[in-house]
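This report concerns only the one structure given below.
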Amino acid sequence: MDPRLDAEALAGVIGTDFQARTRRLLHQLSGTGRMLATAESCTGGLLASLFTDIPGASHVLDRGLVVYSLRAKQDLLGIPEEMLETHGAVSKPVAVAMAEALVRQDGPDIGVSITGYADTGPEPGLVHMAVAHAGGDTVHRVRRFGTVGRGAVRLRTLSAALDLLEETL
């Protein structure tokens, strides 16, 4: 079987660097007993998929939500309609609210959110990410990848999200 088509692992398609970085994060998190959750829009669950490619990820990854539509952001994360109307789905306030929604109440310890315009929208390549820690500060990052294409924006966003996780852990 062509390893690029292996449904069990994205590494054959996107490169082993992503898998190595994800393994390091998984190991770091499993040593602390902290659980992670993701809420992804433009990456469509790719970040969560990186973790599920690695055996034993269930000790670290609690859940991965794909919240592509405005309705999903409202229904699954409780993002207020007014916030979405005022700031837009691709904005710092929404990215922060998405990450913080993941760690509310008895949720996971760390929430990661990604929202952006992969190739269309008012600013193609604009991506907002946030990492929230239960009982701690939320860190936000914005990246402007430009009109490099949908796939390139998504891969660059994955790398930037891993960077953000590495920085905040």
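The values are calculated or read from the model by the stated rules, or taken from the named source; none is laboratory data. Just so you know, these numbers come straight off a predicted model, no measurement behind them. Every residue, glycine among them, receives a Cβ derived from its backbone with ideal geometry; neighbour counts consider all protein chains shown. Areas reflect the complete protein model, heavy atoms only, side chains present, ligands, DNA and RNA absent. Shrake-Rupley method; radii C 1.70, N 1.55, O 1.52, S 1.80 Å.
Among the residues of segment 66-82, those that are open to solvent by less than 10 Å² (accessible area, probe 1.4 Å) and either under 14 Å from the mean Cα position of the chain (by Cα) or acidic (Asp, Glu) (or both) comprise 67, 73. Condition check for residue 63 on (1) open to solvent by less than 70 Å² (accessible area, probe 1.4 Å); (2) within 20 Å of residue 106 (Cα to Cα); (3) not in a helix (DSSP H, G or I): one failure, at (1). Just to be sure before I move on: is residue 122 at pLDDT below 95 and over 24 Å from residue 33 (Cα atoms) in the structure I sent? Judged against the criteria, residue 122 is a match.
Can residue 94 be described as touching a Pro at 6+ places or on another chain (Cβ under 8 Å), of a type in the set (Val, Ile, Thr) and either open to solvent by less than 30 Å² (accessible area, probe 1.4 Å) or over 20 Å from residue 26 (Cα atoms) (or both)? No: the conditions fail for residue 94. Each residue in segment 125-152 was checked for being of a type outside the set (A, V, I, L, M) and open to solvent by 50 Å² or more (accessible area, probe 1.4 Å), and 7 of them qualify.
In the set 78, 111, 45, 116, which member is closer than 22 Å to residue 19 by Cβ and modelled with pLDDT of 95 or more? Every option except 45 fails the conditions. Scanning segment 66-87 for residues that are outside any strand (DSSP E or B) and in contact (Cβ under 8 Å) with a residue 24 or more places away in the chain turns up 67, 68, 73, 76, 77. The residues of segment 95-147 that are among the charged types (D, E, K, R) and either free of Cβ contacts under 8 Å to residues at least 12 places away in the same chain or in a loop (DSSP other than H, G, I, E, B) (or both), listed by number, are 104, 106, 109, 119, 123, 137. Among the residues of segment 48-75, the ones that are of a type in the set (Asp, Glu) and either over 25 Å from residue 150 (Cβ atoms) or at pLDDT 95 or above (or both) come to 2 in all. Within segment 40-63, residues that are on the phi > 0 side of the Ramachandran plot sit with their Cβ atoms under 7 Å from residues that are surrounded by 19 or more Cβ atoms within 10 Å (Cβ to Cβ), at 6+ positions apart or across chains, in these pairs: 45/64. Of all residues in segment 18-60, those satisfying the criterion of being in a helix (DSSP H, G or I) and open to solvent by less than 30 Å² (accessible area, probe 1.4 Å) are 18, 21, 22, 25, 26, 29, 47, 48, 50, 51, 57. Just give me the residues in segment 81-108 being small (Gly, Ala, Ser) and modelled with pLDDT of 95 or more, in sequence order. Scanning segment 81-108 gives 88, 89, 91, 95, 97, 99, 101.
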